[in-house]
Amino acid sequence: MTLERLREIVYEGLWNNNQALVALLGLCPMLAVTNNAINGLGLGIATLVVLVVSNVLVSLIRAHVPREVRIPIFIGIIATAVTIIDMVMDAYMHTLHGILGIFIPLIVTNCVILGRAEAFASRNPVLESAVDGLAMGIGFLIVLVVLGGMRELLAQGTLLDQAELLFGPTAKAWTLHLTDNPHGVLLAALPPGAFLGLGILVAIKQWIELRREERLHAQPQAENMPSHEPEKA
Amino acid sequence: MSTPREELLRHIRQATGKMVLFIGLAIIVLVAVRAWLEPKIEQARVETLKSQLNETIPQTAYDNDLLQDTVMIRAPELLGTDKPVTLYRARKNGKPVGVVFETIAPDGYSGDIHLLVGIYADGRIAGVRVLEHRETPGLGDKIELKKSPWILSFDGKRLTPENEAQWHVKKDGGIFDQFTGATITPRAVVKAVKKALAFYQQYQDRIWQP
């Protein structure tokens, strides 16, 4: 894999084809659990691990999978990875597992995972597929954490509340209390807050893209710079 | 030479075989991982339960293993569930200290509120904690100890024929605070705790029979 290709895959996953902000996939668990940053991080990590494992396995067996039955086989692989993550979290992060509840098993049906298996891993070598899983997973995770942090900050005035669920008892001190008022914007904690928050994040991304494009057009000498394709619908 | 039909059948056999192979492998992996993690999951469950029980009855008050000393009782009217409820019995030197059990307040603002209630053998509340609820964040969730000390106002309270009328929120003429903007939630919790005490009085003999 060339450096150029590596950069392209990472750029696609983190920014250009971000699964949460551009593809808008996997919204159900994303909107449901992101009422604080730690919940977002927990689900983000679980999704990331599943995505890398499933991408690697799908890529490894891609030559041996008959086209007609590839979807059931991919789903089987994804379900296996998710079930293992579910059991590991139940054993080692019992409380967080309880909070995320049904959304861990539901990773099986997260379109991001099957989407990457089908669109990337089933037609690319193992290493590239692993990088793709990592980049797409991190891109998804960052959005989960930012959205969760935004909502947590607005609703309770804290950040990283309940970090001990993920990082053990020492992490209890990590919580940042940024206001004295424990009850801020209630809307942010409720489901509409999730939709509004995601909408704002999508808008910010679009705005950055547009500004960058404008700047490229404004500077004729920048013609030789590699211009980025506007993202596909 | 194979006919197109034979060709197709061969292809179907091959695809089916591969699918069965992959899924079979997945099942083997899962069964192995499950066998490895089962004891750890069980241990995590036990530890979580233990720490919850200890929040309602202090660990120093008893010397037996709560999880091994249980009794099951079904009381749908008083405990809010049709299913038999497990009661964990705390003893010191073999003498009854108290009992911890789960009860459900079915009339919360949005669905059931699951409570863990600890009651000393003499009928005083040892402690109440909320296990699970879906009340409005910022309003009804003050029943969590993390958000507000309100739930501690039950500690040490009894239920007697004389004070029965006090077992309401202040708005309904009782002694328990309601929350600004949320009366339904504390009302449901007060009612459930009161019923839990009534349950203890009514079933005391059955709870402590050997």
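Which of (1) surrounded by 15 or more Cβ atoms within 10 Å (Cβ to Cβ); (2) closer than 23 Å to A:His97 by Cβ; (3) not acidic (Asp, Glu) does B:Ser51 not meet, given it meets every other one?
(1)
Condition first: surrounded by fewer than 23 Cβ atoms within 10 Å (Cβ to Cβ) and under 10 Å from the mean Cα position of the chain (by Cα). Now tell me which residues in region A:1-20 satisfy that.
A:Leu14
Residues that are in contact (Cβ under 8 Å) with a residue 24 or more places away in the chain, open to solvent by 40 Å² or more (accessible area, probe 1.4 Å) and farther than 22 Å from B:Asp141 by Cα: which helices (runs of 4 or more DSSP H) entirely in region A:74-189 hold 2 or more of them? First the steps, then the outcome.
Working: elements: A:94-100, A:111-119, A:126-156, A:164-167, A:186-189.
Answer list for region A:74-189: A:111-119, A:126-156.
Which members of region B:78-93 meet the condition of being open to solvent by less than 10 Å² (accessible area, probe 1.4 Å) and touching a Pro at 6+ places or on another chain (Cβ under 7 Å)?
None; the set is empty.
Against the definition (more than 12 Å from the chain's Cα centre (by Cα), open to solvent by less than 50 Å² (accessible area, probe 1.4 Å) and within 14 Å of another protein chain (Cβ to nearest Cβ)), how does B:Ile57 come out, yes or no? Before the answer, list the steps.
Values: more than 12 Å from the chain's Cα centre (by Cα): yes; open to solvent by less than 50 Å² (accessible area, probe 1.4 Å): yes; within 14 Å of another protein chain (Cβ to nearest Cβ): no.
In short, no.
When the residues of region B:170-194 are narrowed to those that are assigned to a loop (DSSP other than H, G, I, E, B) and among the small types (Gly, Ala, Ser), which ends up farthest from the chain's Cα centre (by Cα)?
Of the residues in region B:170-194, the ones assigned to a loop (DSSP other than H, G, I, E, B) are B:173-175, B:177-178, B:180-181, B:183.
Add one more test, that the residue is among the small types (Gly, Ala, Ser), and what stays is B:173-174, B:181.
Values: B:Gly173: 29, B:Gly174: 27, B:Gly181: 27 Å.
My answer is B:Gly173.
Condition test on B:Ala182, is it surrounded by fewer than 20 Cβ atoms within 10 Å (Cβ to Cβ), in contact with a helix residue (DSSP H, G or I) (Cβ under 9 Å, 6 or more places away or on another chain) and in contact (Cβ under 8 Å) with a residue 40 or more places away in the chain?
Values: surrounded by fewer than 20 Cβ atoms within 10 Å (Cβ to Cβ): yes; in contact with a helix residue (DSSP H, G or I) (Cβ under 9 Å, 6 or more places away or on another chain): yes; in contact (Cβ under 8 Å) with a residue 40 or more places away in the chain: yes.
Against the criterion (surrounded by fewer than 20 Cβ atoms within 10 Å (Cβ to Cβ), in contact with a helix residue (DSSP H, G or I) (Cβ under 9 Å, 6 or more places away or on another chain) and in contact (Cβ under 8 Å) with a residue 40 or more places away in the chain), B:Ala182 qualifies.
Regarding B:Arg45, is this residue of a type in the set (D, E, K, R), free of Cβ contacts under 8 Å to residues at least 60 places away in the same chain and either more than 9 Å from every other protein chain (Cβ to nearest Cβ) or surrounded by fewer than 12 Cβ atoms within 10 Å (Cβ to Cβ) (or both)? Please lay out each step first, then the result.
Working: of a type in the set (D, E, K, R): yes; free of Cβ contacts under 8 Å to residues at least 60 places away in the same chain: yes; either more than 9 Å from every other protein chain (Cβ to nearest Cβ) or surrounded by fewer than 12 Cβ atoms within 10 Å (Cβ to Cβ) (or both): no.
Criteria not met by B:Arg45.
Please go through region B:18-42 and give me each residue that is within 8 Å of another protein chain (Cβ to nearest Cβ) and either within 22 Å of A:Ile75 (Cβ to Cβ) or more than 34 Å from the chain's Cα centre (by Cα) (or both), ordered by number.
To start, the set of residues in region B:18-42 that are within 8 Å of another protein chain (Cβ to nearest Cβ) comprises B:18-19, B:22-23, B:26, B:29-30, B:33-34, B:37, B:40-41.
Selection gives B:Lys18, B:Met19, B:Phe22, B:Ile23, B:Ala26, B:Val29, B:Leu30, B:Val33, B:Arg34.
Just checking, how many residues over region A:143-163 are within 12 Å of another protein chain (Cβ to nearest Cβ) and over 29 Å from A:Asn16 (Cα atoms)? Show your work before the answer.
Residues of region A:143-163 that are within 12 Å of another protein chain (Cβ to nearest Cβ), as a first pass: A:151-152, A:154-158, A:161-162.
Next cut, over 29 Å from A:Asn16 (Cα atoms) only: A:155-158, A:161-162.
Here the count works out to 6.
Going residue by residue through region B:155-173, is there one that turns out to be assigned by the TED database to the domain that holds B:Gln201, open to solvent by less than 20 Å² (accessible area, probe 1.4 Å) and either closer than 30 Å to A:Thr175 by Cβ or hydroxyl-bearing (Ser, Thr, Tyr) (or both)?
Within region B:155-173 (the criterion being assigned by the TED database to the domain that holds B:Gln201, open to solvent by less than 20 Å² (accessible area, probe 1.4 Å) and either closer than 30 Å to A:Thr175 by Cβ or hydroxyl-bearing (Ser, Thr, Tyr) (or both)), the answer is no, since none of the residues qualifies.
Those residues that are within 28 Å of B:Pro58 (Cβ to Cβ) and free of Cβ contacts under 8 Å to residues at least 12 places away in the same chain, I need them from region B:165-177; list them, please.
Within region B:165-177, B:Gln166, B:Ile175 qualify.
Return yes or no: is A:Val131 under 16 Å from the mean Cα position of the chain (by Cα), within 13 Å of chain B (Cβ to nearest Cβ) and under 19 Å from A:Leu48 (Cα atoms)?
Working: under 16 Å from the mean Cα position of the chain (by Cα): yes; within 13 Å of chain B (Cβ to nearest Cβ): no; under 19 Å from A:Leu48 (Cα atoms): yes.
In short, no.
Can you work out which of the residues in region B:60-77 that are closer than 21 Å to B:Asp155 by Cβ and hydroxyl-bearing (Ser, Thr, Tyr) is surrounded by the most Cβ atoms within 10 Å (Cβ to Cβ)?
Taking region B:60-77 as the starting set, the residues that turn out to be closer than 21 Å to B:Asp155 by Cβ are B:60-62, B:66.
After this cut, where a residue has to be hydroxyl-bearing (Ser, Thr, Tyr) as well, the list is B:60, B:62.
Numbers: B:Thr60: 8, B:Tyr62: 22.
Of everything passing the filter in region B:60-77, B:Tyr62 is surrounded by the most Cβ atoms within 10 Å (Cβ to Cβ).
Which of the residues that make up region A:85-111 are more than 17 Å from the chain's Cα centre (by Cα) and either of a type in the set (Gly, Ala, Ser) or away from every other protein chain (no Cβ under 12 Å) (or both)? Give the steps one after another, and end with the answer.
Restricting attention to region A:85-111, the residues satisfying the condition of being more than 17 Å from the chain's Cα centre (by Cα) are A:86-99, A:101-102.
Within region A:85-111, A:Ala91, A:Gly98, A:Gly101, A:Ile102 qualify.
The values are calculated or read from the model by the stated rules, or taken from the named source; none is laboratory data. Just so we're clear, the structure is a prediction, and the values are computed from it rather than from any experiment. A quick note on method: Cβ atoms are made from the backbone with ideal geometry, for glycine too, and the neighbour counts reach across all protein chains shown. Quick note on the areas: whole protein, heavy atoms, side chains included, nothing else; ligands and nucleic acids left out. Shrake-Rupley method; radii C 1.70, N 1.55, O 1.52, S 1.80 Å.
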